Each structure stands twice: as C-alpha cells, then as structure tokens.
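For reference, the structure discussed in these notes is given below.
The values are calculated or read from the model by the stated rules, or taken from the named source; none is laboratory data. Because the structure is predicted, anything quoted here is derived from the model rather than measured. Because the Cβ atoms are built from the backbone with ideal geometry, glycine has one as well, and the counts that use them run over all protein chains shown.
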Amino acid sequence: MDSLAKSYVHAQSMIGADKIVLPKEDDPKLWDPVFDKLGRPKTAAEYKLPEVKLPEGVVINGDRRDAYMKHMHEMGLTQKQASGLYGHFMEDQAKQFESLAGRRTEETNAGIESLKTEWGDKFTEQVNHAVLAVKKFGSDEARALLDSTGLGNHPALVRMFANVGAGLGEDRAGGDGAGDFTTGQEQAVNTIKDIKENKDDWKALNDRADPRHKAILSKWTEAHQKAYPGKQKD
C-alpha cells in the first residue's frame, strides 16, 4: 500500500508538468526541441567552458575549441554536460603533456650523460662541432623541429652533427666563406669560456704539474688564435 501511495503522489505531481516526447526517428530536426527543453544553449557559442590550467607553453587552439563547442551542440549537450566533459578532457590532456615532457627530460639527460661518458674531456668540443654543423646546414624550420621534438638532444643525431662539424673545422682553414670564419670565431670564444668555467680545466691550465696542462694549454692557445686573430693572448 505504501508503494502504491507513493506512486500515486508522484503521478499527481507530474500533472501540469512539461512533457517531453522522444522522437522515434534519428532526425536532428526532431531532436532539436528535445535538446532545447533539456537545457541545451540556443547556440554553440553560448557554452561557458571552464578555464583549465595548462602546462607552460601549451596554448588552446581557438578554432579547435570552437569546433568542440559546435559538436557538443549538435550532440545536444546541456551546459553542465558540456562543461564537465570539456574540463575532464582538458585536464587529462594536461596530465599527458606533463608526463610526456617529463619523459623527454629524462631521455635528454640520459643522452647527455652517455655522450659525456663517451667523449670525456672532448665533450664540450664535440658539442661545439655539432652546433657548428646545425648552424651551417640547418634552416630555421629544421632547428625549430629539433628543438620542439627534442631530437636535437638525441645522442645519435648529436654524434652525427659533431662529426659533420668536425669536418667543417678542418676545412675552415682553406675556406673562403666569411660565415665559416664568424662561426669558428664564436666557437673559439665558447671554448675559452668553457675552460674558464670548468674548475678542473682551469686548474690544469694554470698548474704546470698537472698531467693535463699541456693538452688544455694547447686547446686554450688554439682557441685564442681563432677567437682573436692577430692578437697575442697570454
């Protein structure tokens, strides 16, 4: 009896309430009035989507956002449904981006360490060779691609560019391009800076008893000759 009474009360409360007749056919024109009664905004532009905090460097594409809103409207989503779905999707995308960025950083660091182990004291010199090759042959588009994808730090590519750059260094003495000279000058200045900032190299340079003194002194002298041609440097 109690259940029957509740059903009767519920039925009475429905009297006079708006009734929504569901179309039997999958025709957008028939479903539009249904979606409107359920709370769908009149136009896609009226959706108020939440602002989601994204990782640094990530920008929302306005065109794609508008396309999502249009599709949500076509699917008949209410404001609450659209807001909830969009917020969840964007938060998930942000987490995936951060995870990918973290893995890329780990891979980059591992690659650098492997090259340091492989090249030892020649690491800075080899990296300078790689930079020289990229500057010489890489277009702005290519350099941007190497930076954005992280491939510019991949050991195999750095090793390849270093080999190319080393060849450029050997050919520069007989070259006739001012661009090669300028790049070589920049590289030499960087080498001098690296020696000064490396405590072990700087100590070896100034300590005649150090077993690496002659090698570092030779590198220092050669770098000064290229960085400051025609000038005597101590």
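The single condition among (1) closer than 30 Å to Pro33 by Cβ; (2) in a loop (DSSP other than H, G, I, E, B) that Val59 does not meet is (1). Restrict the check to segment 69-90 and report whether at least one residue is closer than 17 Å to Asn153 by Cα and either in contact with a helix residue (DSSP H, G or I) (Cβ under 9 Å, 6 or more places away or on another chain) or in a helix (DSSP H, G or I) (or both). No, there is no match, as no residue in segment 69-90 is closer than 17 Å to Asn153 by Cα and either in contact with a helix residue (DSSP H, G or I) (Cβ under 9 Å, 6 or more places away or on another chain) or in a helix (DSSP H, G or I) (or both). Selection of segment 68-92 for residues being loosely packed, with under 15 Cβ neighbours inside 10 Å and touching a residue at least 24 places away in the same chain (Cβ under 8 Å) yields Lys70, Glu74, Lys80, Gly87, Glu91. Could you figure out which of (1) crowded, with 17+ Cβ neighbours inside 10 Å; (2) at pLDDT 85 or above isn't true of Asn153? The single condition Asn153 does not satisfy is (2). Return the residues of segment 99-115 that are loosely packed, with under 14 Cβ neighbours inside 10 Å and not hydrophobic (A, V, I, L, M, F, W, C); say none if nothing qualifies. Once the filter is applied, which keeps residues that are loosely packed, with under 14 Cβ neighbours inside 10 Å and not hydrophobic (A, V, I, L, M, F, W, C), segment 99-115 yields Ser99, Gly102, Arg103, Arg104, Thr105, Glu106, Asn109, Glu113, Ser114.
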